[in-house]
Structure formats: structure tokens, C-alpha cells
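Below is one structure; the comments refer to it alone.
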Amino acid sequence: MPLNDADGNQSAMTTLYDVPADELIEAAAVELAEEDAIEAPDWAEFTKTGIDRELPPEQDDFWQRRAASVLRKVATDGPVGVGTLRTAYGKSKGGTNRYQVRPPHKTDASGNIIRTILQQLEAVGYVEAAGGEGRRVSADGRAFLDDLAGEVMEDLDRPDLERYA
């Protein structure tokens, strides 16, 4: 849909669907960290991300990355609840990480991590409750993601995405 930019020229609006997910999540994680909107609780450095994991995550910015990923997933799939997100972030496990000897069994991700992130995103105003259906992205959250998508699209140097610019 063509829109007018600041100079009055018509340009296409870039949405979160137009850019690669990994690039958008990376940019959103950086932006959330700069805003200090989302901060990891004290217990997060000791917590595994699911029962199928043996150790907590080693990334310094894990909490912001997961929050950005949850925000994007709520925006694309919403309204979604904690149970749906636990299933989406879970994986299959076949024994320990060293010895994959059992048939794979699907395990869910940590519900406390996802629930806490959703509560933080709701406090910031990016996510809102959907009245018994879970949570959906708010207008502010959609604008946040779409603005980031526009910035990511400008920074990308990929010829296969030129048609979206």
C-alpha cells in the first residue's frame, strides 16, 4: 500500500512480514536493550529454558533476544497464550545431549520465562490481553515492529529483497 513519506513522495510501507525474522529479532533485541524496557530478573541467569536443556543459556543478551522473538511471534500468530508459546519454543529430546539413544520426545519450553516476558511486554505496552484467548500485539507493539522493519530493510544489502524496498 503506497503511503506518503516525510517529503511527500509515495513509498511502500515496510511491515514485519517483509524482512527476515532473524534480522528483525536482532534489531528488536538491541532496541529493547537500549530502552531498558525489558530486563532479566535475578533468577534468569540460573534458569534453564526448558526441561530438555542441561544448562542455562550462555548468551549475555538472551532475555532481550527471547523477548524480541516472543513479541514477533505474538504479532504474527496472535492471539496466543503461554501454552502455545511453550510448544513453539520447545524441542524434541532423545536422551542427554551427548548420547542421543532414545526416540525423540517433544518437550515444552519454560513457562515461567515466557510468562514473565509477556508480562514485561504488557507493562511496556507492546502486548495486550485478548480476553481469554491469550495475548495479542498492541498498536504500539505493531508500530514498534514496523518501524524496526523499515530500518532493517534500509540496512539490508540483499538483492533478493530489493522488490520490497
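At a glance:
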item: Test: residue in segment 34-46 that is modelled with pLDDT of 90 or more and either over 20 Å from residue 146 (Cβ atoms) or hydroxyl-bearing (Ser, Thr, Tyr) (or both); result: no
item: Where residue 75 falls short, out of the listed (1) modelled with pLDDT of 90 or more; (2) outside any helix (DSSP H, G or I); result: (2)
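The values are calculated or read from the model by the stated rules, or taken from the named source; none is laboratory data. The structure displayed is predicted, hence computed values, not measured ones. Glycine gets a Cβ as well: all are built from the backbone with ideal geometry, and neighbour counts include every protein chain shown.
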